[in-house]
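What follows is a set of notes on a single structure, which appears directly below.
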Amino acid sequence: MTALGKLFRTTTFKLTLAYLVVFVVFAALLLGYFALNTRRLVTEQITDTVNAEITGLSEQYRQGGIRRLVLIIEARSRRPGSSLYLVTTFNGDTLAGNISALDPGVLDNPGWSETGYRRLDEAGADRGHEALVRVFQLPGGFRLLVGRDLEERQRLERIIASAGRWSAAVVVLIGLIGGVFVTRRVLRRVDAMTETARTIMGGDLSGRLPVAGSNDELDRLAENLNAMLERIEALMHGLKEVSDNIAHDLKTPLTRLRNHAEEALRTAKDEAAYRGALEQTIEESDGLIRTFNALLMIARAEAGQSSESLAEFDAAEIAHGVGELYEPLAEEKGLTLTVEADTPAPMVGNRELVTQALANLVDNAIKYGGAAASTADGVNGAAPEIVVRAAGEGDKILFTVADHGPGIPESDRGRVTDRFVRLESSRTEPGSGLGLSLVAAVARLHGGELTFADNSPGLKSIIALPRGGPVQTTA
Amino acid sequence: MAIYAHDNSQLPGLTAEATTGRVPMRLLLIEDDRDAADYLVKAFREVGHVAEHAADGEEGLTLAADGDYDVLIVDRMLPKRDGLSVIGALREQGVETPVLILSALGQVDDRVKGLRAGGDDYLPKPYSFSELLARIEVLARRRGGRGEEMVYRVGDLELDRLSHRVTRGKEEILLQPREFRLLEYLMKHAGQVVTRTMLLENVWDYHFDPQTNVIDVHISRLRSKIDKGYTQPLLQTVRGAGYMIRDGAR
């Protein structure tokens, strides 16, 4: 009962009912119109016949008098399936005809009327049939009545009425069955969605809503909700990863900090030793602050941003600015840094974040780009080169930083943007391990992405951002 | 001395004797954290400044409106009245004392919000004292009026802001545009410590931490152009704080 109640309460079922009512009313109107027209047609046919006969008979009367009329009527009355005839005197005495009884008063009113009647050849006293008759006043006081039985018309009306009843019943039945069927189908899918949503709320974030594949509105809803779940799961995953990594990468230097302080307390003999320990402490806490700032920045970037921090700027100008900032550093490391961004490439975004992302890539290229230099480029004697590019391509702006360092192995490329991931080979270089995560977060924030390609030899890091800035809502 | 030394100072590079041009300043610190405030007041006193302390926004507003301070240091989150509203109220009353905002909120848009509210500089927590001191001295000096001069002079180094010519003694020094702006900023604040972050913000207009110390390399390039071959180096490194340009001969 509750299942049935649930069925009846669904939107689909209510819609079905509403449609059903509308359809039945429409069908009834249609049928009614049809019946009315048919009736009129039949009636017209009868009146035409009757009029024709009256014209004919009155003509006969005019030519041959009452005797001839009576003879003709008696002859016609005997034909099977004949019309109804009656000729009376002024007093109402029957002269000829095939009618034995009529509704009272019919004969007194010349013109059309509907009346019950009984034929002469029928037994009994009731006026069992209906007829449409016309009473015509003949010159000389005689009255002529000609009519047609209405049986045919009534049968037609009955047929139409019963057809109407049956079709209404069938329509309602099929409609109800269809409604229940469709509703149950929809209900099953909605129930499945509700069920999945419950398990997801229960903590299993990997659950996804079922998609039937029919590409209807429920599928679209499910797909959008799934995309949302995907994002939530990624965020939750990220959050968990951050807390794990914070535990590791912040606690480790904190422990080191504490150890150094303790050691100084225990073993330092003179002021110089204390000073050394304190300086080391400040240095380590600066490193911690830097890591912490980077983490906060990534968190902010990943959480999205207000549109007021978006502005239009020239990507080429950003590339030149960053290139100019890092060029002396590259030179000091024996690298040449060139910027290839000659045509302005206007774009919308967070200027500060995009600049920092590009700076991080260049910083990385300088840090690691020199490592393999002696082996890769040193052979041909050319100075290892870092190339920074910014250019529009289609509806995207591409920032590319290419170096000739050791590169990133294909298998590690997906992993390097994770927070705190530092490839074994780079553990010895200073850095928080957050640089690339920030770049990736900034790219995602702008609706773009960070990818890596082989520069053979070396690494090519590419930030692809949409020109128009981040899209606020996905269609 | 070749490199600015500070080995016997209590805070790196900050003794009053070392920065010869240091004029004692009157500072007001509006900060609700008692420990941080005590530390700062003490540290300011050690370098020769006088600092007063207000523990909440209302008290800070009263003191700042009445007293004659050189610089106000305002924490953003304060009991009774928040920092930005204190600054807003002061500016409304026509108090134009330079304000440095201290805040745990260090993102770019927080900074922009702070400056828009009437602050003159913004320093995210945690900060180093030398950074804070350098910024305050620059703020106080700005009131003094350097910056309007067309030619900056330090020792025999001359920088003409109109013709963009730099000379040392009789020799002309050719600088890249960015090197010129770097030197211009350093000379504008001659005799004052200028930190790396200040340079990054004011010369490059970048507000992020560039991980590697790119500024040092730019400085050493500049130094090789203006100091190389001269017995009297002008551009000095202040360990643990930043850089300073000054006439060491004086």
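Among the residues of the range B:182-189, are any within 13 Å of chain A (Cβ to nearest Cβ) and surrounded by 15 or more Cβ atoms within 10 Å (Cβ to Cβ)? Talk me through it step by step, then tell me what you get.
Applying the first criterion (within 13 Å of chain A (Cβ to nearest Cβ)) to the range B:182-189 yields B:182.
Now restrict to residues that are surrounded by 15 or more Cβ atoms within 10 Å (Cβ to Cβ): B:182.
Looking through the range B:182-189, at least one residue is within 13 Å of chain A (Cβ to nearest Cβ) and surrounded by 15 or more Cβ atoms within 10 Å (Cβ to Cβ).
Give the residue that is nearest to A:E122 (Cα to Cα), with candidates limited to residues of the range A:77-92 that are in contact with a strand residue (DSSP E or B) (Cβ under 6 Å, 6 or more places away or on another chain) and outside any strand (DSSP E or B). Before you say what the answer is, go through the steps one by one.
Of the residues in the range A:77-92, the ones in contact with a strand residue (DSSP E or B) (Cβ under 6 Å, 6 or more places away or on another chain) are A:77, A:83-88.
Filter again for outside any strand (DSSP E or B), leaving A:77, A:83.
Values: A:S77: 13, A:S83: 15 Å.
The qualifying residue nearest to A:E122 (Cα to Cα) is A:S77.
Can you tell me which condition A:E53 does not meet? The list is (1) exposed (fewer than 14 other Cβ atoms within 10 Å of the Cβ); (2) acidic (D, E); (3) touching a residue at least 12 places away in the same chain (Cβ under 8 Å), and all the others hold.
Condition not satisfied by A:E53: (1).
Suppose we keep only residues that are within 19 Å of the chain's Cα centre (by Cα) and facing chain A (nearest Cβ under 7 Å) within the range B:208-217. Which one would you say is surrounded by the most Cβ atoms within 10 Å (Cβ to Cβ)?
B:F208
Please tell me if B:I245 is of a type in the set (A, V, I, L, M, F, W, C) and over 20 Å from the mean Cα position of the chain (by Cα). Working first, answer last.
Working: of a type in the set (A, V, I, L, M, F, W, C): yes; over 20 Å from the mean Cα position of the chain (by Cα): no.
Here the answer is no, as B:I245 does not meet what is asked.
For (1) of a type in the set (A, V, I, L, M); (2) more than 30 Å from A:V22 (Cα to Cα), each residue gets a yes or a no:
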site: A:G178; (1), (2): no, no
site: A:R189; (1), (2): no, no
site: A:L205; (1), (2): yes, yes
site: A:R208; (1), (2): no, yes
site: A:G213; (1), (2): no, yes
site: A:R220; (1), (2): no, no
site: A:E230; (1), (2): no, yes
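Results for (1) within 21 Å of B:A241 (Cα to Cα); (2) away from chain A (no Cβ under 14 Å); (3) surrounded by fewer than 18 Cβ atoms within 10 Å (Cβ to Cβ), shown as yes or no for each residue.
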position: B:V166; (1), (2), (3): no, yes, no
position: B:G169; (1), (2), (3): no, yes, yes
position: B:L200; (1), (2), (3): yes, no, no
position: B:V203; (1), (2), (3): yes, no, no
position: B:Y206; (1), (2), (3): yes, no, no
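Please tell me if A:S167 is surrounded by 14 or more Cβ atoms within 10 Å (Cβ to Cβ), assigned by TED's automatic domain parsing to the domain that holds A:V22 and of a type in the set (S, T, N, Q). Even if it seems obvious, please write down each step before you answer.
Numbers: surrounded by 14 or more Cβ atoms within 10 Å (Cβ to Cβ): yes; assigned by TED's automatic domain parsing to the domain that holds A:V22: no; of a type in the set (S, T, N, Q): yes.
No, not satisfied.
Can you name the number of the only condition in (1) at pLDDT 85 or above; (2) part of a loop (DSSP other than H, G, I, E, B); (3) surrounded by fewer than 16 Cβ atoms within 10 Å (Cβ to Cβ) that B:D32 fails?
Just one mismatch for B:D32, condition (3).
Going through the range A:427-475 one residue at a time, which ones are modelled with pLDDT under 80, away from chain B (no Cβ under 14 Å) and farther than 20 Å from A:R351 by Cβ?
Across the range A:427-475, the qualifying residues are A:R427, A:T428, A:D454, A:N455, A:S456, A:P457, A:G458, A:T473, A:T474, A:A475.
Considering only residues that are in a helix (DSSP H, G or I) and β-branched (V, I, T), look in the range A:325-361 and name the one that is farthest from the other protein chains (Cβ to nearest Cβ). Give the derivation first.
Pass one, the range A:325-361, residues in a helix (DSSP H, G or I): A:325-332, A:351-361.
From the residues that got through so far, the ones that are β-branched (V, I, T) too are A:354-355.
Values: A:V354: 11, A:T355: 7 Å.
Step by step, filter the range A:325-361, then rank; the result is A:V354.
Considering every residue within the range A:272-285, establish whether at least one is over 30 Å from B:R223 (Cβ atoms), in the same structural domain as A:E241 (by TED's automatic domain parsing) and of a type in the set (D, E).
no
What about A:L288, is it at pLDDT below 85, more than 10 Å from every other protein chain (Cβ to nearest Cβ) and closer than 29 Å to A:E233 by Cα? Break it down stepwise before answering.
Working: at pLDDT below 85: yes; more than 10 Å from every other protein chain (Cβ to nearest Cβ): no; closer than 29 Å to A:E233 by Cα: yes.
Against the criterion (at pLDDT below 85, more than 10 Å from every other protein chain (Cβ to nearest Cβ) and closer than 29 Å to A:E233 by Cα), A:L288 does not qualify.
Among the residues of the range B:218-233, what is the count of those that are within 24 Å of the chain's Cα centre (by Cα) and basic (K, R)?
Qualifying residue count, the range B:218-233: 2.
Quick grid of which residues meet (1) polar (S, T, N, Q); (2) touching a residue at least 40 places away in the same chain (Cβ under 8 Å); (3) surrounded by fewer than 12 Cβ atoms within 10 Å (Cβ to Cβ):
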{"residue": "A:A212", "(1), (2), (3)": "no, no, no"}
{"residue": "A:E217", "(1), (2), (3)": "no, no, yes"}
{"residue": "A:L221", "(1), (2), (3)": "no, no, no"}
{"residue": "A:E230", "(1), (2), (3)": "no, no, no"}
{"residue": "A:E233", "(1), (2), (3)": "no, no, no"}
{"residue": "A:H237", "(1), (2), (3)": "no, no, yes"}
{"residue": "A:E241", "(1), (2), (3)": "no, yes, no"}
{"residue": "A:D244", "(1), (2), (3)": "no, no, no"}
{"residue": "A:H248", "(1), (2), (3)": "no, yes, yes"}
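Counting only residues that are out of contact with any Pro (no Cβ under 7 Å at 6 or more places or on another chain), surrounded by 16 or more Cβ atoms within 10 Å (Cβ to Cβ) and among the polar types (S, T, N, Q), which one in the range B:71-130 is modelled with the highest pLDDT?
B:T97
Among the residues of the range A:313-324, is any out of contact with any strand residue (DSSP E or B) (no Cβ under 6 Å at 6 or more places or on another chain), within 23 Å of A:I366 (Cβ to Cβ) and of a type in the set (A, V, I, L, M, F, W, C)? First the steps, then the outcome.
Taking the range A:313-324 as the starting set, the residues that turn out to be out of contact with any strand residue (DSSP E or B) (no Cβ under 6 Å at 6 or more places or on another chain) are A:313, A:317-318, A:321-322, A:324.
Okay, now just the ones that are also within 23 Å of A:I366 (Cβ to Cβ), so A:317-318, A:321-322, A:324.
Checking the rest, the ones that are also of a type in the set (A, V, I, L, M, F, W, C) come to A:318, A:322.
Among the residues of the range A:313-324, at least one is out of contact with any strand residue (DSSP E or B) (no Cβ under 6 Å at 6 or more places or on another chain), within 23 Å of A:I366 (Cβ to Cβ) and of a type in the set (A, V, I, L, M, F, W, C), which makes the answer yes.
List the strands (runs of 3 or more DSSP E) that sit entirely inside the range B:161-250 and contain at least 1 residues that are within 30 Å of A:G435 (Cα to Cα).
Numbers: elements: B:165-168, B:171-173, B:235-238, B:242-245.
Those strands (runs of 3 or more DSSP E) span B:235-238, B:242-245.
Which condition number in (1) surrounded by 13 or more Cβ atoms within 10 Å (Cβ to Cβ); (2) within 11 Å of another protein chain (Cβ to nearest Cβ); (3) more than 30 Å from A:L445 (Cβ to Cβ) is the one that A:E271 fails?
Going through the list (1) surrounded by 13 or more Cβ atoms within 10 Å (Cβ to Cβ); (2) within 11 Å of another protein chain (Cβ to nearest Cβ); (3) more than 30 Å from A:L445 (Cβ to Cβ), A:E271 breaks only (1).
The values are calculated or read from the model by the stated rules, or taken from the named source; none is laboratory data. Source: prediction; values computed, not measured. Note that each Cβ is placed from the backbone with ideal geometry, even for glycine, and that neighbours are counted across all protein chains shown.
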